[in-house]
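Data first, discussion second: the structure below is written as structure tokens.
We did not get these values from a lab; they are worked out from the coordinates using the rules stated. Since we're looking at a predicted model, the values are computed, not measured. When we count neighbours, we look across all protein chains shown, and the Cβ atoms used for this are built from the backbone with ideal geometry, even at glycine.
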Amino acid sequence: MSHHLVDFIDVSYSYLDGNKAIENLNARIHHGEAVGIVGANGAGKSTMLKLLVGILMPEQGEIRLGDLPVTKKTLSIVRQTVGFTFQDPEDQLFNITVYDDVAFGPRNYGLDEKEVEKRVVSALQTVGIEHLMHRAPYKLSGGEKRAVSIATVLSMEPNVLAMDEPTAALDPKSRRRLIELLQGFKHTKLIATHDLDLVMELCSRTIVLKDGRIEYDGPTAEIMKNTLLLEQCGLEQPLMLQGCPICRQK
């Protein structure tokens with residue numbers, strides 16, 4: 001089975017009240033691409049990622065990982081292939097210790113305990129928190145919880161990493177560490193975020209959503225200079241492009 005492509009094909013999804021969250025969405029993402037998904041609140045960013053991992057199912061259209069369709073029957077394989085981090089890391093942390101949270105996925109898929117331990121230690125080392133493995137997740141800081149949530153995904157060794165607002169509530173130091181971590185993840189990345197500076201640093205391609213539709217899909221450097229389109233979609237230029245707020249020099 002090939003995982004080199006992620007395809008959204010004429011995908012639509014409506015909320016229970018009938019409002020369209022995603023409408024006729026078409027996008028192809030190649031293996032190794034880093035894609036930012038941006039838009040105002042309610043634009044459909046989180047919904048797009050939840051459809052990818054099968055938390056939601058489209059009412060129309062199809063999502064494919066290579067030659068594998070995302071359906072209820074294929075969810076087990078899909079969730080081994082795509083690592084998804086929720087906007088709130090506490091939605092992923094529910095065990096007594098950090099170790100058990102990171103081990104949950106590999107154990108759930110029947111790996112022997114030696115392999116589980118290997119993956120847990122590797123994932124915790126990757127995010128730099130191996131010293132927290134015996135701590136209770138609820139006692140951790142926001143940045144530490146975010147790191148653990150990422151480790152729970154990395155322990156599954158995914159081909160695709162899908163992240164919903166990964167820098168939310170992070171302090172500057174934790175945010176910088178996350179960026180450096182993601183720069184080292186060479187597989188496919190889809191990052192839904194309001195943090196356009198993050199997108200500038202990590203993503204060569206950006207998809208802009210407005211009311212569930214794609215308004216732009218192309219080079220990040222190009223859209224970030226298009227202040228008119230960004231404004232029409234409820235966004236502002238990244239701070240790094242706005243110039244000094246004191247001297248107003250570009």
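Using Cα positions and a limit of under 20 Å, work out the lysines in reach of K72, with same-chain residues fewer than 8 apart set aside. Excluding near neighbours in sequence, the set is K50. Only DSSP H runs of four or more residues enter the estimate; each adds -39500 (n - 2.57), and after division by the residues of the chain the mean residue ellipticity at 222 nm equals -9500 deg cm²/dmol. Of the residues I63, I96, the one with the fewest other Cβ atoms within 10 Å heads the list, and the complete ranking is I96, I63.
State to the nearest 20 debye the size of the charge dipole of the chain about its Cα centre, where the only charges are +1 on K and R beta carbons and -1 on D and E beta carbons. Don't jump to the answer; show the numbers that get you there.
Values: 28 positive and 33 negative charges, 82 e Å.
The calculated dipole for the chain is roughly 400 debye.
Positive-end ranking of N24, Y109, I179 along the dipole of the chain, with charges on Cβ about the Cα centre, is headed by I179. What separates the Cα centres of segment 194-216 and segment 43-59 is a distance of 16 Å.
Find the Rg to Rh ratio for the chain, where Rh is the Kirkwood radius over alpha-carbon pairs and Rg uses the same atoms. Display every interim value, and only then the final one.
Details: Rg = 18.4 Å, Rh = 18.8 Å.
Ratio value, two decimals: 0.98.
Of the chymotrypsin sites (Phe, Trp or Tyr not before Pro) found in segment 1-70, those that fall in a DSSP loop while having at most 16 other beta-carbon atoms within 10 Å are Y15.
Across segment 183-235, Cα-Cα distances exceeding 13 Å account for 59% of all pairs.
For segment 145-250, a Kirkwood hydrodynamic radius built from all Cα pairs, placed in the Stokes-Einstein relation at 10 °C and 1.306 mPa s, yields a translational diffusion coefficient of 105 µm²/s.
So in the chain, what percent of DSSP beta bridges are antiparallel if you round to the nearest 5? Kindly include the intermediate steps, with their values, before the conclusion.
Working: 20 of 37 bridges.
Expressed as a percentage, antiparallel bridges in the chain total about 55.
Looking at segment 143-250, what % of its DSSP beta bridges pair antiparallel, to the nearest 5?
Values: 6 of 11 bridges.
Counting DSSP beta bridges with both partners in segment 143-250, the antiparallel share is about 55 percent.
Taking the fewest neighbouring Cβ atoms within 10 Å as the starting point, the ordered list for M224, M200 is M200, M224.
Neighbour counts of C-beta atoms inside 10 Å place M156, M240 in the sequence M240, M156, starting with the fewest.
In the structure shown, the pairs K45/K189; K186/K225; K73/K145 are assessed against 20 Å; a Cα-Cα span above that value is assigned to K186/K225; K73/K145. Pairwise Cα distances in segment 89-185 exceed 18 Å in 40 percent of cases.
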